[in-house]
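Okay, structure first, notes after.
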Amino acid sequence: MSPADIESILAEFRPGARIFIPGATGEPLALRELLTAHPERAAGVQLVGCLLPGMNDFDYAALHPTARLTTFLFPPAFRASFEAGRVRVLPLAYSQIAEYLAETAPIDAAILQLAPPGADGLCSLGVCADFPPLVWRRAGRRIGLINPGLPQPARAAKIPFSALDLAFEMDAPVIEAADAPLSPELAAIVDRVAGLIPDGAALQTGIGGAPAAIYERLTSHRNLTIRSGMVTPGFQTLVQSGASAPDGHITGVALGTAAFYRFLSENDVIAFADARITHGPASLAAIERFVSIGSALEIDLFGQVNLEWRGELMVSGVGGAPDFMRAASRSPGGLSIIALPASAGGGKISRIVPRLASPTSSISRNDIDAVVTEFGAAHLKHLSLDERAEALMAIADPRHQAGLAEEWARLRARL
């Protein structure tokens, strides 16, 4: 890239400018490098993007003392900037983030990572379509960072090359991640979860742990459809085993290895759509047998779920879980599942607690149908307060069950 091209990109970063940067696997790593080399250009700039913990850990607000960032989940790497007042966190679910970015957020410029234009004049957004298709239409200026190495699934979201105000070729790697190996506890959990999923289900899975590993346990199922905000390499196993339906698969983001991205590019197996489609609770709730599988940091005996807090320290956000859980609990034949290990810290800390002590509850007790640990499954729907508590205590780590019973008795006496 020539010095003139570099200057043209950096010229968008001026005091007061409001600039959208994609998150997830759409984050342009070449832009990170450019801004790291020229941090002074972030002075007074207001950046906005849905940056995800564990995937997008570059702190744009740390580039300059007067840089500002608006985001929605809160990667831990942003802690110092948050404490300094440079990071603004909007506590919205994914469907609400989509509405905010599509209709409300002030955006002077959008910087998007794109594949080179095809014969039809369209540029693929590759393996990330959650928010860029909603933002580019209303951004004051549209800057395309053309990455020849970007994976191009057949039904990726696309935008016209002619709609760009500026375009520059910037070859760079795409964010990758491999599924982590399963612990014995997680293996027991996914086995139990797989037993709850019927043939013909429309499946949504969260990131990491039991949700991401569930695909490996579903190879004997049939006619499964993926309706998820994100797909990971396990989806390839589902397709190649014959467990998936022939069509109807929709996602917003793919996260995986280069081999997985190559599989998606070489096989027309899934459509990429924006977050209004992938996370729209009303349309998802109308799907028969919609099953949502999510994880959590902890759940209490009332069925309230914490996704965001370690004690009083914020470590994440709600993401798409409220959208998916609410839809699954209302779907005809659907099921909303929280799957988590019963304890942490080598068994010293119970992840099933008497009552949440976190500042907020991430998912309402009304939206959870079942909770699964390595010790069993608790079906909460239509249970009374006491029955819920008993069902959850029964799947807690046995080392903590007596203490939970004592605490519940004290809580129950005050209700």
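Observations on the structure shown:
- Share of Cα-Cα pairs in the range 88-207 lying beyond 25 Å, as whole percent: 44
- Candidates GLN240, GLN401, GLN152: whichever shows maximal mean-square fluctuation once the chain is modelled as a Gaussian network with Cα springs under 10 Å: GLN240
- Each residue of the range 140-151 was assigned a 3J(HN,Hα) from its phi angle through the Karplus curve 6.51 cos²θ - 1.76 cosθ + 1.60 (θ = phi - 60°); the sequence is x, 9, 10, 10, x, 9, 7, 10, x, x, 5, x Hz, with glycine and proline shown as x.
- Note on the range 191-333: the alpha carbon radius of gyration divided by the globular reference 2.2 N^0.38 Å gives 1.04.
- Anisotropy class of the range 1-47 from Cα gyration tensor, a/c 1.5 cut: oblate
- Magnitude of the charge dipole, the chain, Cβ model with Lys/Arg +1 and Asp/Glu -1, debye to 20: 820
- Positive end of the dipole of the range 250-305 (Cβ unit charges, origin at the Cα centre): among GLY280, VAL253, VAL269, the Cα lying farthest that way belongs to VAL269.
- Dipole of the range 20-68, positive end: most advanced residue of PRO28, ASN56, VAL45 [Cβ charges, Cα centre]: VAL45
- Mean separation of Cα contacts under 8 Å, 6 or more apart, over the residue count of the range 60-198: relative contact order %: 18
- Separation of alpha-carbon centers, the range 163-231 and the range 33-108, rounded to whole Å: 26
- For the set THR36, THR232, solvent exposure ranked by accessible area (probe 1.4 Å, protein chains only) runs largest to smallest as THR36, THR232.
- Surface accessible to a 1.4 Å probe, LYS158 within the full protein complex, Å²: 90
- Dipole magnitude for the range 1-116: about 280 debye, using +1 per Lys or Arg Cβ and -1 per Asp or Glu Cβ, origin at the Cα centre.
- Of all accessible heavy-atom area on the range 15-82, the percent that carbon and sulfur account for (1.4 Å): 58
- The range 256-304, accessible surface, carbon-and-sulfur percent (1.4 angstrom probe): 51
- At a probe radius of 1.4 angstrom, the accessible area of the range 11-66 per residue rounds to 33 square angstrom.
- For the range 214-224, 3J(HN,Hα) computed residue by residue from phi via the Karplus equation (6.51, -1.76, 1.60; θ = phi - 60°) reads 5, 4, 4, 9, 10, 5, 8, 6, 9, 6, 7 Hz, glycine and proline entered as x.
- For the range 121-251, the solvent-accessible area works out to 38 Å² per residue, with a probe of 1.4 Å and every protein chain left in place.
- Taking N as the residue count of the range 322-396, its C-alpha radius of gyration divided by 2.2 N^0.38 Å amounts to 1.12.
- On the range 89-202, 52 percent of the accessible area sits on carbon and sulfur atoms, based on a 1.4 Å probe.
- Percent RCO, i.e. relative contact order, over the chain, from Cα pairs under 8 Å lying at least 6 residues apart: 13
- Three-way shape call for the range 23-110 based on the alpha-carbon gyration tensor, with the a/c threshold at 1.5: rounded
- Ordered from highest to lowest accessible area with the whole protein assembly present and a 1.4 Å probe, ARG310, ARG142, ARG412 read as ARG310, ARG412, ARG142.
- A cut-off under 13 angstrom between Cβ atoms defines the neighbours of SER384, and their net charge, with Lys, Arg +1 and Asp, Glu -1, is +1.
- Rounded, prolate or oblate (a/c below 1.5 giving rounded, otherwise prolate when a/b exceeds b/c) for the range 173-271 by Cα gyration tensor: oblate
- The residues neighbouring HIS279, those whose beta-carbon lies less than 13 Å from its own, together hold a net charge of -1 under the Lys/Arg +1, Asp/Glu -1 convention.
- Antiparallel DSSP beta bridges within the chain, percent to nearest 5: 25
- Relative contact order for the range 297-415: 29 percent, from Cα pairs under 8 Å spaced at least 6 residues apart, divided by residue count.
- Farthest towards the positive end of the charge dipole of the chain, among the residues LEU203, LEU297, THR360, is the Cα of THR360, using unit charges on the Cβ of Lys, Arg, Asp and Glu.
- Rg(Cα)/(2.2 N^0.38 Å) for the chain, N = residue count: 1.01
- Under the Karplus curve 6.51 cos²θ - 1.76 cosθ + 1.60, θ = phi - 60°, whole-Hz ³J(HN,Hα) for the range 361-369, x wherever Gly or Pro sits: 9, 7, 10, 5, 4, 6, 9, 10, 8
- For THR66, the amide hydrogen comes within under 5 Å of the amide hydrogens of GLY44, counting only partners 5 or more places away or on other chains and with H modelled in the peptide plane.
- Residues whose placed amide H lies under 5 Å from that of ALA17, excluding near-sequence neighbours: GLN46
- Chain lengthening between ALA163 and ARG310 when straightened (0.36 nm per residue, less Cα-Cα): 48.5 nm
- Heavy-atom surface of the range 338-396, accessible at 1.4 Å and reported per residue (Å²): 42
- Only the Cβ atoms of Lys and Arg (+1) and of Asp and Glu (-1) were treated as charged; on that basis the dipole of the range 267-323 about its Cα centre amounts to roughly 80 debye.
The values are calculated or read from the model by the stated rules, or taken from the named source; none is laboratory data. Bear in mind that the values here come from a model prediction, so they are computed numbers and not experimental data. Cβ: placed from backbone, ideal geometry, glycine included. Neighbour counts: every protein chain shown. Each accessible area value is taken on the protein alone, full model and side chains, heavy atoms only, with ligands, DNA and RNA left out. Shrake-Rupley method; radii C 1.70, N 1.55, O 1.52, S 1.80 Å.
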